[in-house]
Structure formats: C-alpha cells, structure tokens
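Below you'll find the structure, written out as structure tokens, and then a few comments.
What follows draws every value from the coordinates through simple rules; no lab data is involved. As the structure is a prediction and not an experimental result, all values here were calculated from the model. Here the Cβ positions follow ideal geometry from the backbone for every residue, glycine too, while neighbour counts run over all protein chains shown.
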Amino acid sequence: MSDKSAIEWTDATWNPVTGCTKISPGCAHCYAETFAERFRGTPGHPFEQGFDLKLWPARLYLPLSWKAPRKIFVNSMSDLFHEDVPDEFIRKVFEVMNECPQHTFQVLTKRAERMMTWTQANFRVDLRKAEKRTLSPHIWLGISVENQDYLWRVEYLQKTPAQVRFLSVEPLLGPVHLNAAHLEGIHWVIVGGESGPRARRMNPKWAQDIQRQCEKSQVSFFFKQWGAHDRSGKRVGKKAAGRVLDGRTWDELPVLSNR
C-alpha cells in the first residue's frame, strides 16, 4: 500500500484487505501472491500471514489523509469482493470512498457476480428510483477478463449501478472477441501482457483486435505493457518490451457519456 504506485494506470494503492485465492487462469502467476509469500512467517511484517486473506480495519481511513487528488487502485493485493470479505466491511470501504470525492477509486474484481449483487443491493440501478443512492462517478468499478472463457463476467459488470465501468484484460492469455454489445455501458478497457519469470506470451493480434474494437465502439483504451515478451515473442523483460502498440502509447482514460 502506497500513496505512489508504479502501475501505469493508477497513482496510488490502498489495501484495506490483503490476500486472496485463485479462481481462474489469470491468477496462476499472481504477482501479489508471489510478493506476499516471500514474507510468510516474518514476525511483525504486514505479510506475516503470507497471502492468506486478512482485513485491515486500521487502514480504512487512509485515503482521508491524502489531500492531493489521485487515482487509487483499491485492493491491489486482494479482491474486495472475495467471498470471505464480509458485506459490512465492503460497506465501510464504500463509505470511505464516498467521503473522498477529490480522489478517483478504481475497484477491480474477478468476482463479478458478487460485485453486481452487492452493488445492486446497496445502490440504485434506475436513477428514477430514490430509495437508494447512486454510485458517484469518482468510484470506478471493473472486472478482469483474461481470455474468451471469462468474457461472461462483462454481463455482470454491465448490470452494476456504476457510472464508470472498466475491463482489465490483463494478463491477456488468449483472444478476447469483444463486440459492440460487450462494450455497451463500458467506459474503459486496459490491456496488458503477463510479466514475471513464468510469464505466458501475449499474441500481438489479440491486443490489436481489442484496441480496434474499442475505437469502433468509442471506448477509451489503455495499453499497459507487453509484459515479459516483446512483440516478436522474445523474452526480454517488462522494461525492455515496453508499452508501444502499433507505433504509439495508448493512455486513454474513461470519458463519461450516455453509454
């Protein structure tokens, strides 16, 4: 957790929850698990428990102390909608986010169904109904999609009562055939290859196809990285591979519209 982050699409990270469990192929070489497990058993270390799930109530109010506006990745070391995170704790996280309109909060999950169910129970979907609050546009909700087999998560995201919805297609492990229907109500798509010593290669065509569909559907596109392999497939490391796609960098951010 830090008020600065090296992740290209955010400025800071906030981890009121740490630890997680694997649920799909994108989790196989989880960077967060690799980092956390290095410190399992180290007395007094924040990851003394390794990557076992842990709630950190004392961290809940940290964003209140950050006065300068910034984009904040929520739970970069966990998943807020993990089945072992209580509803009440999720509610407290959202309360803090609501109290910090100067920041932009980026909530990313693989548990798309629980995110939809929880947000629908706590925020209104139909703006004409006044019994529930609507989510502020400074709280972005997103889901991860690593290949075509997990594109079904998009349907749950589209049903969440968020004003800004995004897809993280990272690590991109296979073709993801997005079309206009998939991108309806989606404001931002992040694409990136896998990094690390066991990284799986991303085919350039997979990333290009997503970028072109985003452009066609007028959805903002962000290319985060090639990962451990460059465009030719050679393993060169994340830094050397860079993040240029088709001759340019793609750093687009969500644009609110009537989508």
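Side notes on the structure shown:
- Based on the Stokes-Einstein relation at 37 °C and a viscosity of 0.692 mPa s, and on the Kirkwood radius from alpha carbon pairs, the range 134-209 is assigned a translational diffusion coefficient of 252 µm²/s.
- Formal net charge of residues neighbouring Pro204 (Cβ-Cβ distance under 11 Å; K, R +1; D, E -1): 0
- Span from the the range 25-41 Cα centroid across to the the range 180-251 one, whole angstrom: 23
- Each Cα pair under 8 Å and six or more residues apart adds its separation to the average, and for the range 50-202 the resulting relative contact order is 18 percent.
- DSSP beta bridges fully contained in the chain are about 20 percent antiparallel.
- Environment charge of Ala112, counting only residues whose C-beta is closer than 14 Å and scoring Lys/Arg +1, Asp/Glu -1: 0
- Neighbourhood charge, 10 Å Cβ-Cβ cut-off, centred on Glu194 and excluding it, Lys, Arg +1 and Asp, Glu -1: +2
- Within the straight-line cut-off of under 29 Å between alpha carbons, the lysines reachable from Lys159 are Lys22, Lys54, Lys71, Lys92, Lys110, Lys129, Lys132, Lys216, Lys224, sequence neighbours fewer than 8 places apart in one chain being disregarded.
- Here's the picture: charge each Lys and Arg Cβ at +1 and each Asp and Glu Cβ at -1 in the chain, and of Thr134, Phe105, Asn122 the one pushed furthest to the positive end of that dipole is Phe105.
- Amide H within-cut-off set for Phe221, under 5 Å, with H built and near neighbours excluded: Val189, Glu252
- Footprinting exposure proxy ranking of Met202, Met77, fewest other C-beta atoms within 10 angstrom first, gives Met77, Met202.
- Ranked for footprinting exposure by Cβ neighbours inside 10 Å, fewest first, Trp140, Trp56 give Trp56, Trp140.
- The order of Lys67, Lys216, going from fewest to most other C-beta atoms within 10 Å of their C-beta, is Lys67, Lys216.
- Net dipole in debye of the chain [+1 Lys, Arg Cβ; -1 Asp, Glu Cβ; about Cα centre; nearest 20]: 460
- When each of the peptides 221-227, 17-23 is scored by the mean number of other C-beta atoms lying within 10 Å of its residues, the order from highest to lowest reads 221-227, 17-23.
- Short-range pairs are left out: with C-alpha atoms under 8 Å and at least six residues apart, the relative contact order of the chain is 13 percent.
- Computed packing ranks the peptides 235-242, 109-116 as 109-116, 235-242, most packed first, by mean other Cβ atoms within 10 Å.
- Using all pairs of distinct alpha-carbon atoms, the Kirkwood hydrodynamic radius of the chain works out to 18.8 angstrom.
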